[in-house]
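Visitor: Mind having a look at this structure? Questions to follow.
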Amino acid sequence: MNPDGSLAAILSEEHAVAARWIGDSDALVFLDGMGRLVQLDGSGDEHIVATVPLALPCPSDAFSEPELGLHMDEEFWITADGSHACLSLSDAFPNMRNVERQVAVRLSDGHVRAQLFLGGDECGQPQAQESIDVCATRPSPTWPEVDSPLPGGAVHSVSPDGAWTLVEVGSELGDVSHVQYVLVRNEDGDPFPMPYESGPWPSPVALPEALDPDTLVPDLPDMQGGETITWVGPHHLVLDQVLYIAGERVVFLGGDVAP
């Protein structure tokens, strides 16, 4: 994508989900929607690294979905040395899941290690108590130590140019599957909604004087939690599959961005 959100080039022939850069290289890996981990090099070469196990450990009415999947953006990462891709595949969001499988894929040869971390009791299978060794350390987000410009809101991050603050203002009883954010213009404190559709920058939104983190704000867009949230430019924010060029426009990307 170009910085203005327009299409620069199509690089992948496969359907790409949750792309991840491999260290400081110009290569990345992604899931193709069928359980295959695909690597795309800077030259445009594309190859399947491995197939990750999406099947449930056993048939059971206790499991929410017919197969496992990636439900949280943070549950797919590349190790610090760039040697492995690590995934936590499950049947639901963390507060609702009944089965979770941890997977480590060695990128050099596609070797797959997998273990049940949750759901073993239901299936009469061994259940691990510790993470796979190469995946024991997961990158953790750093939260800015700044006060929220909105009473009751929770600051997620500040734009690289310091002009905008992303604030969580509501959720459905703390449920990660329904979360609301606004972008606050630091110059004057005005909050702006975050629509999903492409279009001009929206007008400021009126919010309750005191926000409740466990209550959704009426008429404010909400998003599914666990999606990509990353600043990709001075005031360019990607939230899920939408690019917000703060103060200028909103661009629906139609696909995932590699954070």
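Coordinate-derived values only; no laboratory data. The shown structure was predicted, so the numbers you read here are calculated from the model rather than taken from an experiment. Positions of Cβ are generated from backbone atoms using ideal geometry, with glycine treated the same way; all protein chains shown enter the neighbour counts.
Visitor: Return 48, 132 ranked ascending by Cβ neighbour count within 10 Å, so the fewest neighbours appear first.
Guide: So the residues, fewest neighbours to most, are 48, 132.
Visitor: At a 10 Å Cβ-Cβ cut-off, how would you order 36, 20, fewest neighbours first?
Guide: 36, 20
Visitor: Now a separate question. Would you kindly calculate the translational diffusion coefficient of region 1-99, applying Stokes-Einstein with the Kirkwood radius from alpha carbon pairs, for 25 °C and a viscosity of 0.890 mPa s, and quote it in µm² s⁻¹ without decimals?
Guide: 163
Visitor: Let me have the relative contact order for the chain, percent, based on Cα pairs under 8 Å that are six or more residues apart.
Guide: 13
Visitor: Using every pair of alpha-carbon atoms in the chain, split the distances into 10 Å bins beginning at 0 and state the percent of pairs per bin, rounded to integers.
Guide: Result, from short to long distances: 7, 27, 31, 25, 10, 1 percent.
Visitor: Also, I was wondering about something else. Would you look at the GNM of the chain, springs on alpha carbons closer than 10 Å, and say which of 46, 172, 145 moves the most?
Guide: Judging by the Gaussian network model, the answer is 145.
Visitor: So between residue 17 and residue 111, what do we pick up on full extension, going 0.36 nm a residue minus the alpha carbon distance?
Guide: Stretched fully, the residue 17-residue 111 segment lengthens by 31.8 nm.
Visitor: Under 25 °C and 0.890 mPa s, how fast does region 51-135 diffuse according to Stokes-Einstein, given a Kirkwood radius computed over C-alpha pairs? Answer in µm²/s, whole number.
Guide: Estimated via Stokes-Einstein, D reaches 187 µm²/s.
Visitor: Just grab the label-to-label distance for residue 47 and residue 215, each label 7 Å out from Cα along the Cβ direction, in nm (one decimal).
Guide: 5.7
Visitor: More than 16 Å apart: what percent of Cα pairs in region 154-252 qualify?
Guide: Pairs farther apart than 16 Å: 52 percent.
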